[in-house]
1. Which FRET efficiency value, to the nearest 0.05, is calculated for residue 150 and residue 122 with the Förster distance at 30 angstrom and r the Cβ-Cβ distance?
2. Sticking with the crude label model, points 7 Å out along Cα→Cβ, report the distance from residue 84 to residue 166 in nm, one decimal please.
3. Among 96, 37, 106, which one moves the most in a GNM of the chain with springs linking Cα atoms closer than 10 Å?
4. Quote the accessible area belonging to residue 41 in square angstrom, nearest 10, computed with a 1.4 Å probe and with ligands, DNA and RNA left uncounted.
5. When the dipole is taken about the Cα centre of segment 1-134, and only Lys, Arg (+1) and Asp, Glu (-1) are charged at their Cβ, what size is it in debye, to the nearest 20?
6. Sticking with the crude label model, points 7 Å out along Cα→Cβ, report the distance from residue 67 to residue 41 in nm, one decimal please.
7. Straight-line reach only, C-alpha to C-alpha below 30 angstrom: list the lysines that residue 160 could link to, leaving out same-chain residues fewer than 8 apart.
8. Starting from 0 in steps of 10 Å, tell me what percent of the Cα-Cα pairs of the chain lands in each bin.
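The values are calculated or read from the model by the stated rules, or taken from the named source; none is laboratory data. If you're wondering where the values come from, they're calculated on a predicted model, not measured in any experiment. Because the Cβ atoms are built from the backbone with ideal geometry, glycine has one as well, and the counts that use them run over all protein chains shown. Surface accessibility is based on the protein's heavy atoms, side chains included, excluding ligands, DNA and RNA. Shrake-Rupley method; radii C 1.70, N 1.55, O 1.52, S 1.80 Å.
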Amino acid sequence: HLLKALATLPGSRTFHLHVLLSSPRKFSGLYPYATPTTGEDGKQRRPPRVYCQDVLIVVSEEVLGQRVLVLAVEAGIFNIPSTKSTIISIVKVDTTARGKRPAPTTAIMRAFIGFFTDPATRPIAGVERVWVHLFARSQGQYLSPNSSEFEGKKVLSPEKLCKWWKTVLSG
């Protein structure tokens, strides 16, 4: 899905894509204050089981015969089977501005989110609802060490970052 998105970018470009995905594991941090309760029917109700997968996406590009890091994304996928729901939490998106223009960031984020929100490609069976949660804070660097020192990198203002996310999500 991500490779197809990269293929839509104009020009002849060579990308390298690495996606690291952890195995699903039980996760109690989504409802840290939920305690077992007794329902009206007298049955004990526990907080819903949540399964988490960590995702790391790294995109590099061949530029002048050299492979350079252009994008890294950190996300979490939280599956809640009892509610037939999934939460996609985009934790960090970090660009380096070292690749060719246009940057692949918008295409990758739309493809990543689209993969989980489209019922035809959704990898978790039985999911009926998908929420996308974003952590959007404008910073010089997150995942790419020293990327803020690259002269071509322009850090978006908080307002422009929110506008960019609105464009990504509404696309």
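1. Values: r = 36 Å, r/R0 = 1.21.
FRET efficiency, residue 150 to residue 122: 0.25.
2. About 3.3 nm separates the two model spin labels.
3. 37
4. Residue 41 has an accessible surface of roughly 90 Å² with all protein chains in place.
5. Numbers: 17 positive and 9 negative charges, 12 e Å.
With only Lys, Arg, Asp and Glu charged at Cβ, the dipole is about 60 debye.
6. Taking the two extended label points, one gets 5.5 nm.
7. 4, 92, 100
8. 9, 33, 32, 17, 7, 3, 1
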